[in-house]
Structure formats: C-alpha cells, structure tokens
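Below: the structure, in structure tokens.
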Amino acid sequence: QNNASVDLDWMLFRTYMSTNSQIDYPASIWEQLKQKFNDMTITDIPKVCLPPELRDELLRVSLEAETILTPKHWYDSNEGLEDLKSDFDEKIARQLCSIDTKAIWSSDEWQRNMAEFK
C-alpha cells in the first residue's frame, strides 16, 4: 500500500474506536483490526474535508499569488493557472481531508469486522 497517511488514519480511527468501544482489546486483536482497517481503506473511504467556502478562498489566494509572482506568459500558458487549478483540486482532496471516523465506525462493513472479535 502506497498511502503514507494510512498510519495516521489508523491512529485517528484507533483513538476513536478506543473512546467509543467498551472492549479493551489485546495487542494481537489491535493488529488484526489494523489490517482489516488498512484493507478497508484501499477503497474510497468517507472523508471530512474543508468547507467549500474555505476551499474556494484558498484557491483564490493561491491563484492571486501565482499571478503576482510569475511572469504573465506562464500563467497565460497551458502550463499556467489551469494546471495550477487542477493540481490544487487533486491535492486538496488528498492532503486537506481527514477520514470520517464516525462514518467508518458506523458502516456495515466495519460492524461486520468488529463482530468477528466480540
């Protein structure tokens, strides 16, 4: 798995799980749960991202800075602002979102995983 944020995602989810579960799992069970979590997160997991207003403001400020800091021929070119916008969209979804621990915890898939350890 190439997702460098998986360990952070797992730490967030494990903390949420520890807070919301009445069961104190031994280390061996935590390792099995971690593997199930990592298998689950290969698919498109629910995320919590920036509100659209804040996202739009970040893009506006970023584009404004690029316009000021780069030559006109760059931001008017194919590699200019349009590429910056698409790069921004891609990065904001990957880097400025967090897993939705509550949605994962309450999902049917995760509840089936948990049933194996009760």
Note on region 5-118: contact order normalised by length, alpha-carbon pairs under 8 Å, 6 or more apart, percent, works out to 41
Label-to-label distance, nm, for residues given as ILE29 and SER62 (7 Å Cα→Cβ offset): 4.3
Over 26 Å [Cα-Cα, the chain], rounded percent: 40
Full-extension gain between ASN78 and GLU109, please, as 0.36 nm times their residue separation minus the C-alpha to C-alpha distance. 6.8 nm
Placed amide H near LYS47: partners under 5 Å, 5+ positions off or other chain: ASP100
Report, ordered by chain and residue number, the aspartates and glutamates lying within cross-link reach of LYS91, taken as a straight Cα distance under 20 Å and ignoring same-chain residues fewer than 8 apart. ASP7, ASP9, ASP44, GLU53, ASP56, GLU57, GLU64, GLU66, GLU79, GLU82, ASP83, ASP100
Fully extended contour minus Cα-Cα distance, from TYR16 to ARG55, at 0.36 nm per residue: 11.4 nm
Mean residue ellipticity (222 nm) of the chain, computed from DSSP H runs ≥ 4 via -39,500 (n - 2.57), nearest 500: -21000 deg cm²/dmol
Gain on full stretching of the segment that runs from LEU8 to LEU69 - 0.36 nm per residue minus C-alpha separation: 18.5 nm
Which of the helices in the chain, when you take each full DSSP H run, stretch at least 24 Å along the axis at their Cα atoms and have an average Kyte-Doolittle score of -0.5 or higher? 52-69
Less than 27 Å apart at the alpha-carbon level, and either on another chain or at least 8 residues along: which lysines does that give for LYS85? LYS47, LYS72
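Read-outs throughout are calculated quantities, based only on the coordinates presented, and are distinct from any laboratory measurement. Remember, it's a predicted structure, so these values are computed and weren't measured experimentally. Using ideal geometry, Cβ is built from the backbone for each residue, glycine included, and neighbour counts are taken over all protein chains shown.
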